[in-house]
Amino acid sequence: MFRASELKKSDVVKIEGDPHIVETVSVQTPGARGAATLYKIRFRNLKSKRKTDQVLRGDDMFDEADFERRPVQIIFGDSASFTFMDLQDYSQFALAKEDIEGEWPYLIEGLEGILSLVSDGQVLGLELPILVSMTIVETSPAAKGGSATARTKPAVSSTGLVVQVPEYITSGEVIRVDTRTGLYFSKA
């Protein structure tokens with residue numbers, strides 16, 4: 001059993017019999033005395049891929065979904081899908097771009113630490129490592145004295161993901177991106 005106040009991104013709970021993964025959690029604390037803290041949570045149904053937003057109190061309860069996390073490796077990908085290999089039984093499966101739209105921009109060859117979410121023998125989705133190293137392929141030139149300021153500029157990674165990076169980052173550099181937020185974390 002999960003309380004709404006304990007939920008975090010990538011937790012999987014059961015709602016109306018179907019497994020749902022937590023995509024985002026935001027906390028709203030009202031200013032009035034005695035008012036309860038509210039949790040706005042976006043869930044994605046792992047079977048139908050539908051997204052739902054719910055506003056919950058901290059003591060609202062959810063059942064834990066029956067699923068398994070299994071390590072996988074990317075074999076190859078194209079513009080429509082990625083093919084993965086399960087590292088426990090060496091079986092292969094493909095996931096279409098629509099099924100993994102949130103994870104798609106972070107999938108690069110050689111990425112380690114990817115887990116598949118499996119229920120009843122069916123792969124429902126992916127769970128990525130928290131930090132992913134990505135190469136910058138396009139950004140404006142480095143600003144002189146850029147490390148002395150906190151200004152940022154957009155940079156395009158090798159997968160097409162646009163990330164705001166510090167001004168001193170140049171094309172060809174490798175950065176680490178937080179997959180939970182899509183934000184620059186550090187240089188690799």
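The values are calculated or read from the model by the stated rules, or taken from the named source; none is laboratory data. Everything numeric in this text was worked out from a predicted model, so none of it was measured. Backbone-built Cβ (ideal geometry, glycine too); neighbour counts: all protein chains shown.
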Pull up the stretch 116-133, narrow it to residues that are in contact with a Lys or Arg (Cβ under 8 Å, 6 or more places away or on another chain) and within 30 Å of S171 (Cα to Cα), then point me to the one that is surrounded by the fewest Cβ atoms within 10 Å (Cβ to Cβ). I130
I'm trying to understand the selection: among the residues of the stretch 79-110, which are under 20 Å from the mean Cα position of the chain (by Cα) and assigned to a loop (DSSP other than H, G, I, E, B)? S79, A80, E101, G102, E103, L107, I108, E109, G110
Filter result (over 18 Å from T181 (Cβ atoms) and either assigned to a loop (DSSP other than H, G, I, E, B) or modelled with pLDDT under 85 (or both)) within the stretch 112-122: E112, S119, D120, G121, Q122
May I ask you to list pairs of residues, at least six apart or on different chains, whose Cβ atoms are under 7 Å apart, with the first in the stretch 5-20 being touching a residue at least 60 places away in the same chain (Cβ under 8 Å) and the second being assigned to a strand (DSSP E or B) and of a type in the set (D, E)? K9/E23; S10/E127
How many residues of the stretch 150-163 are exposed (fewer than 13 other Cβ atoms within 10 Å of the Cβ) and either closer than 27 Å to D78 by Cα or under 22 Å from the mean Cα position of the chain (by Cα) (or both)? The answer is 2
Starting from residues that are at pLDDT 90 or above and among the polar types (S, T, N, Q), keep the ones in the stretch 171-188 and report whichever is farthest from S81 (Cα to Cα). S186
